[in-house]
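Heads up: the structure comes next, in structure tokens.
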Amino acid sequence: MTNEWCGWRDATERALYGADDGFYTRPGGPGPAGHFRTSVHVSPLYAGAVAALLRRVDGALGHPEELALVDVGAGRGELLTGVLAALPDEVAARLRPYAVERAARPGGLDPRIDWLGELPAPGSVTGLLFANEWLDNVPVDVVETDGDGVARRVLVRADGTERLGEPVDGADAEWLRRWWSWQPAPSAASTASVSTAPASTASASGASAPTARTALSPLSPGLRAEIGRPRDEAWARAVRTLRAGLAVAADYAHARQDRPLFGTLTGFRDGREVRPVPDGSCDITAHVALDACAGPSAELLTQREALHALGVDGRRPPLSLASTDPAAYVRALGTAGAAAELTDPAGLGGFGWLVEPVGGECAGLLKA
Ligand SMILES: C[S@@+](CC[C@H](N)C(=O)[O-])C[C@H]1O[C@@H](n2cnc3c(N)ncnc32)[C@H](O)[C@@H]1O
């Protein structure tokens, strides 16, 4: 890993996906589950919900002879394995499960799963494309406003040191203008305080960060943003692989009216949030502007809304079950606990689900 200055997008690309030493691609690495817990790892309920959605897609498409499930950013194939276990034999027999993943195929994986380093060809599959916590790992550039309020690309070295580069221009400047407003939403202006400062507190410009939304204008120094354009393009490519069906991206997200003032770039290692250092030692991630990724037919839901629509909820079992069938009561309590974690509005339930039908058949499948 060199220690030269470059933008965060290039630095993250090398740090996460370098052939021999990338955080995700390093041979023998533990995979995402070794460093953090996604919804997939929390409970089989999540794979069960994806299986339920897949069955709705199957029904809407008229039970095609071959039904695809494309898992983009598949980690170690945990979601596909869980969905295969949750499906009835008749559907599993028609299923073509694809894992799209930059890391190598793990040993011992179900041989039915096709392991691909790239997305399938455009228009080549019919079914459900699902991407859980993929887009937040698509590398992006970071910008910061300098002392004159000019948005400049942040340059970084492999040791995490930052400095400001050239002003942002062209398509990136256009993306920021369209999708990232540092202005407070009118309703939030009088009350909101900063709650989303990045793990890295050192500003590349050295500017001291303003402390309240009310004190800000777009010209304030030290404001930061991530340019989501590579994610918009990656998502559009993923959706295009479908001939017909439904594409879903589930991720931590923010919306235009509520972008964080200082961006969200951060690192994770061994289950803890750490300063983002692009040397391959930690995950580097930033929240996703899912509204910018969304195509014209897309719908945005919270994970809580989506999972409720798929029959997952955290209601406790009736107390009467404890006396009639204590073992079933304890099992049901465990399930309710996992469902509550997956749907907690302050946690995983607050994640965004970008739901994009391709063709008319799969519109409205997540209506409760
Ligand atoms: C945070 S992990 C999520 C893993 C899994 N989906 C889960 O929810 O547990 C993100 C994964 O996306 C993979 N990834 C990132 N960009 C990719 C790309 N362009 N194509 C395929 N996989 C990618 C990474 O290698 C990593 O395994």
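Return only the number of the condition from (1) more than 7 Å from the ligand (Cβ to nearest atom); (2) out of contact with any Gly (no Cβ under 8 Å at 6 or more places or on another chain); (3) outside any loop (DSSP other than H, G, I, E, B) that residue 14 does not satisfy.
(2)
Report, by residue number, each residue of segment 144-183 that is surrounded by 13 or more Cβ atoms within 10 Å (Cβ to Cβ) and closer than 19 Å to residue 15 by Cβ.
153, 154, 155, 156, 157, 158, 160, 161, 162, 163, 165, listed by residue number.
Considering only segment 60-72, I want to know if a residue exists there that is touching a residue at least 40 places away in the same chain (Cβ under 8 Å), acidic (Asp, Glu), outside any strand (DSSP E or B) and near the ligand (Cβ under 8 Å from one of its atoms).
Looking through segment 60-72, none of the residues is touching a residue at least 40 places away in the same chain (Cβ under 8 Å), acidic (Asp, Glu), outside any strand (DSSP E or B) and near the ligand (Cβ under 8 Å from one of its atoms).
Would you pick out the residues in segment 233-258 that are among the charged types (D, E, K, R) and either touching an Asp or Glu at 6+ places or on another chain (Cβ under 7 Å) or buried (at least 21 other Cβ atoms within 10 Å of the Cβ) (or both)?
251, 256
Being buried (at least 20 other Cβ atoms within 10 Å of the Cβ), touching a residue at least 12 places away in the same chain (Cβ under 8 Å) and assigned to a helix (DSSP H, G or I) narrows it down to one of 85, 51, so name that one.
Of 85, 51, the one residue that is buried (at least 20 other Cβ atoms within 10 Å of the Cβ), touching a residue at least 12 places away in the same chain (Cβ under 8 Å) and assigned to a helix (DSSP H, G or I) is 51.
Among the candidates 311, 352, 364, which residue alone is surrounded by 14 or more Cβ atoms within 10 Å (Cβ to Cβ) and closer than 25 Å to residue 134 by Cα?
After ruling out the rest, the residue left standing is 352.
Take segment 300-326 and flag every residue that is modelled with pLDDT under 95 and of a type in the set (Asp, Glu).
Correct list: 313, 325.
With the condition kept exactly as written, say whether any residue in segment 262-269 is more than 15 Å from the ligand (Cβ to nearest atom), more than 16 Å from the chain's Cα centre (by Cα) and touching a residue at least 24 places away in the same chain (Cβ under 8 Å).
Scanning segment 262-269 turns up at least one residue that is more than 15 Å from the ligand (Cβ to nearest atom), more than 16 Å from the chain's Cα centre (by Cα) and touching a residue at least 24 places away in the same chain (Cβ under 8 Å).
Could you list, in sequence order, the residues of segment 32-47 that are in a loop (DSSP other than H, G, I, E, B), surrounded by 17 or more Cβ atoms within 10 Å (Cβ to Cβ) and within 11 Å of the ligand (Cβ to nearest atom)?
Hits for segment 32-47 are 35, 38.
Looking for whichever is modelled with pLDDT under 95, over 28 Å from residue 349 (Cα atoms) and among the small types (Gly, Ala, Ser) here; the options are 7, 29. Which one fits?
None of the other options fit; the residue is 29.
Looking at segment 88-132 only, could you name the residues that are of a type in the set (A, V, I, L, M), outside any strand (DSSP E or B) and near the ligand (Cβ under 9 Å from one of its atoms)?
103, 119
Please enumerate the residues belonging to segment 71-122 that are under 20 Å from the mean Cα position of the chain (by Cα), of a type in the set (A, V, I, L, M, F, W, C) and within 21 Å of residue 37 (Cα to Cα).
72, 74, 79, 80, 83, 99, 100, 103, listed by residue number.
The values are calculated or read from the model by the stated rules, or taken from the named source; none is laboratory data. These figures come from a predicted structure and were not determined experimentally. Note: ideal-geometry Cβ built from the backbone for every residue, glycine included; neighbour counts use all protein chains shown.
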